[in-house]
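Taking it in order: structure first as structure tokens, then the write-up.
Please treat every number below as a calculation from the coordinates, not as lab data. Quantities reported herein were computed from a predicted structural model and do not represent experimental measurements. Backbone-built Cβ (ideal geometry, glycine too); neighbour counts: all protein chains shown.
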Ligand SMILES: [Zn+2]
């Protein structure tokens, strides 16, 4: 599943290319991926719309759209789910399978949302109203943002009886971290993902606070992890998965101590850690 670094890579790729362009035709695939409004209202709203700024919030992408049928401040909200991709293709390229949204643009290209497993979702509306109505969730702090402070993080962990992994995966606490980077951050911080958050020493909580932005920034620099179907904004694979310490490496030697990495299930998710150097 694409996490913060993958979504951020797509946003950075597409942001300068979309802004100011205009939608000249809307093509829809499976209606199930359109969560709000109904498919006709969705397509009508995007017709002739002028594209604004593309930004990321957690694992969501929000593309500003301004059109005759839309209230001010509207956005096309995109969540890639398990297997979704969003990319800009040139004019006349053949349709891929599982194409669920195609926005033909005045500049000649097409913005395409493709999703074989259809866990992704698309919404159109003002972000505030979509959040108030519960159509998109209230998200927690951005781990690369200014309010992700050590004081807040340490206090948050201190109040939680859940596992570190469960807290890291909770989008209402910290937005954008998923299974890959939760394991990577715990490895870097030398704490086991199954540890109860409130039982961790302050130094361990601080280490995890330092580790999370490091692993996320490294993965952005590597243009995201193409574990499964992830592709960047131009349809190319990322390289960040080649530099992962623990995710997907159960049974292989730890890069730090040489011991064997162990697999376990924590917070309902497959989790990999080093029993030798994570306490
Ligand atoms: Zn180790």
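Here 112, 118 are screened, and the one residue that is within 22 Å of residue 19 (Cα to Cα) and either out of contact with any strand residue (DSSP E or B) (no Cβ under 7 Å at 6 or more places or on another chain) or crowded, with 19+ Cβ neighbours inside 10 Å (or both) is 112.
Being closer than 30 Å to residue 97 by Cα and within 16 Å of the ligand (Cβ to nearest atom) is a description that does not apply to residue 181.
Does the stretch 94-101 include one or more residues that are more than 18 Å from residue 231 (Cα to Cα) and either surrounded by fewer than 16 Cβ atoms within 10 Å (Cβ to Cβ) or out of contact with any strand residue (DSSP E or B) (no Cβ under 8 Å at 6 or more places or on another chain) (or both)? Checked the stretch 94-101: no residue is more than 18 Å from residue 231 (Cα to Cα) and either surrounded by fewer than 16 Cβ atoms within 10 Å (Cβ to Cβ) or out of contact with any strand residue (DSSP E or B) (no Cβ under 8 Å at 6 or more places or on another chain) (or both). With respect to being under 30 Å from residue 146 (Cβ atoms) and surrounded by fewer than 14 Cβ atoms within 10 Å (Cβ to Cβ), residue 195 falls outside the description.
Looking at residue 223, is it closer than 21 Å to residue 4 by Cα and buried (at least 22 other Cβ atoms within 10 Å of the Cβ)? For residue 223, the condition - closer than 21 Å to residue 4 by Cα and buried (at least 22 other Cβ atoms within 10 Å of the Cβ) - is met. Taken together, the residues in the stretch 164-191 that are more than 17 Å from residue 137 (Cα to Cα) and surrounded by fewer than 19 Cβ atoms within 10 Å (Cβ to Cβ) amount to 1. Of all residues in the stretch 227-279, those that are exposed (fewer than 14 other Cβ atoms within 10 Å of the Cβ), within 16 Å of the ligand (Cβ to nearest atom) and touching a residue at least 60 places away in the same chain (Cβ under 8 Å) total 1.
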